[in-house]
1. Can you confirm whether Ile67 is over 30 Å from Cys138 (Cβ atoms), open to solvent by less than 30 Å² (accessible area, probe 1.4 Å) and not small (Gly, Ala, Ser)?
2. Considering only residues of the range 104-117 that are assigned to a strand (DSSP E or B) and within 16 Å of the chain's Cα centre (by Cα), which is surrounded by the most Cβ atoms within 10 Å (Cβ to Cβ)?
3. For the range 118-171, name all the residues that are touching a residue at least 40 places away in the same chain (Cβ under 8 Å) and either more than 23 Å from the chain's Cα centre (by Cα) or open to solvent by less than 50 Å² (accessible area, probe 1.4 Å) (or both).
4. Test Ser131 against the stated conditions and say whether it is touching a Phe, Trp or Tyr at 6+ places or on another chain (Cβ under 9 Å) and at pLDDT 80 or above.
5. If I ask for residues that are over 15 Å from Ser99 (Cβ atoms) and either open to solvent by less than 60 Å² (accessible area, probe 1.4 Å) or at pLDDT 95 or above (or both), which ones from the range 52-63 would you list?
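The values are calculated or read from the model by the stated rules, or taken from the named source; none is laboratory data. Everything numeric in this text was worked out from a predicted model, so none of it was measured. Glycine also receives a Cβ, built like all others from the backbone with ideal geometry; neighbour counts cover every protein chain displayed. Note: accessible area is taken over every heavy atom of the protein model, side chains too, but ligands, DNA and RNA are not part of it. Shrake-Rupley method; radii C 1.70, N 1.55, O 1.52, S 1.80 Å.
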Amino acid sequence: MLSKNLVGKQFAAMLILLLLTEYAFAQQTIASAKTLPSGSVVTVEGFVTTGAEYGTIRYMQDNTAGIAVYSRSLSTTMPGDRIEVTGVLSTFNGQIQISPVIEMEILSTGHELVPPTRVVLDDPSLRAFESMVVFIPCLGISTCEPDFEQGWYTSFDDQGQSIKLYIEENN
């Protein structure tokens with residue numbers, strides 16, 4: 001009788017562990033994943049919006065938000081690929097990212113690129129557009145240089161609002 005109780009308790013414990021594991025790795029939106037603390041393991045699905053121009057970093061977004069994903073395992077992904085990524089939330093230079101990546105799967109390829117979201121610089125929720133493809137109407141860059149080199153520039157819109165814009169090398 002004791003052994004049946006012990007087996008029953010072990011089975012119940014294994015079932016609870018299985019359910020907790022399934023819950024812990026359940027897919028979530030990128031927006032909800034970004035609200036979790038650093039170190040959380042998340043699973044998100046979305047469309048790749050960048051290619052090899054950023055090296056091993058890929059940006060992806062769903063219909064709620066965007067996020068940077070840092071891993072060599074994404075080197076074969078292309079803009080328009082729909083992927084599922086499981087990894088650890090971390091922060092680099094103030095930007096939320098998934099790194100390291102535990103698992104990545106390309107679900108489908110060849111989708112049209114995600115259309116840019118129109119934003120204005122005085123939008124109080126501007127930070128919510130981090131890692132997303134955006135369009136800023138009438139954007140100017142304050143510089144006297146004829147060419148743009150890598151570095152930070154002050155950008156402004158037609159309403160006089162300004163932001164700092166970083167231009168990557170060779171872009």
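1. No.
2. Met104
3. Correct list: Leu121, Phe129, Glu130, Ser131, Met132, Val133, Gln161, Ser162, Ile163.
4. So Ser131 fits the description; yes.
5. Gln61, Asp62 - these are the residues of the range 52-63 that are over 15 Å from Ser99 (Cβ atoms) and either open to solvent by less than 60 Å² (accessible area, probe 1.4 Å) or at pLDDT 95 or above (or both).
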